[in-house]
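Read the structure below first, then the notes.
The values are calculated or read from the model by the stated rules, or taken from the named source; none is laboratory data. Keep in mind that this is a model prediction, so the values were computed, not measured. Here the Cβ is made from the backbone with ideal geometry for all residues, glycine too, and neighbour counts use every protein chain on show.
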């Protein structure tokens, strides 16, 4: 476990488990309400940390097994409110009542925590990013964080199953993610963190070259 950010209104912790997956626990400093982003396998530290809070809901960035394998462990005996993209909803390992709408621009609030959901299909049909806003109510001034799952990493997009899927990821990024404030911190589903500013610089290099009509798979901006 590591503290990604501790501010006036919320704290973000990251946990690595499963297939070197990042999972996140966001806790409201005032109410102790918490939100989980992704549930990889063997989430022992995540579960222990979550039990010290008032769990509210779980957000899943996409339905690939390595991001949902620990879902039952995290949810425990409760029936948590869960958000996952509509086209990935059948990927959860246990039957769950999906009570949260995560279509683009939906607000998800818990205590002083406020997320905005952003549909970013491409890596999977239901891939969704979650923006922890900086401009909501009294939380203005906290730095923005966007949880991108496997849609965006430092150095490139998530793996694409076809060229059409790659084009869909690029469109999602151009339309919804690269328009965020450049200071926004990108918290991906695997690996290190980056910023929107750095990602845009990397992407501009990629965009300056002709797009290979057969390109897909593990693509890098370089």
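For the reader, a short list of remarks on this structure follows.
- Taken over the stretch 32-43, the residue count meeting the criterion of being more than 9 Å from residue 113 (Cβ to Cβ) and either surrounded by fewer than 22 Cβ atoms within 10 Å (Cβ to Cβ) or in contact with a helix residue (DSSP H, G or I) (Cβ under 9 Å, 6 or more places away or on another chain) (or both) is 8.
- Residues in the stretch 201-222 that are under 15 Å from residue 177 (Cα atoms) and in contact with a helix residue (DSSP H, G or I) (Cβ under 9 Å, 6 or more places away or on another chain): 203 only.
- Within the stretch 102-125, the set of residues being in a loop (DSSP other than H, G, I, E, B), touching a strand residue (DSSP E or B) at 6+ places or on another chain (Cβ under 8 Å) and closer than 27 Å to residue 159 by Cβ comprises 102, 103, 104, 105, 106, 120, 122, 123.
- Residue list for the stretch 51-66, filter: in contact with a strand residue (DSSP E or B) (Cβ under 6 Å, 6 or more places away or on another chain) and buried (at least 24 other Cβ atoms within 10 Å of the Cβ): 58, 59, 61, 62
- Qualifying residue in the stretch 176-195 (condition: within 14 Å of the chain's Cα centre (by Cα), in a helix (DSSP H, G or I) and under 30 Å from residue 8 (Cβ atoms)): yes
- Scanning the stretch 67-97 for residues that are assigned to a loop (DSSP other than H, G, I, E, B), touching a strand residue (DSSP E or B) at 6+ places or on another chain (Cβ under 8 Å) and either surrounded by 15 or more Cβ atoms within 10 Å (Cβ to Cβ) or at pLDDT 95 or above (or both) gives 70, 80, 84, 85, 92, 96.
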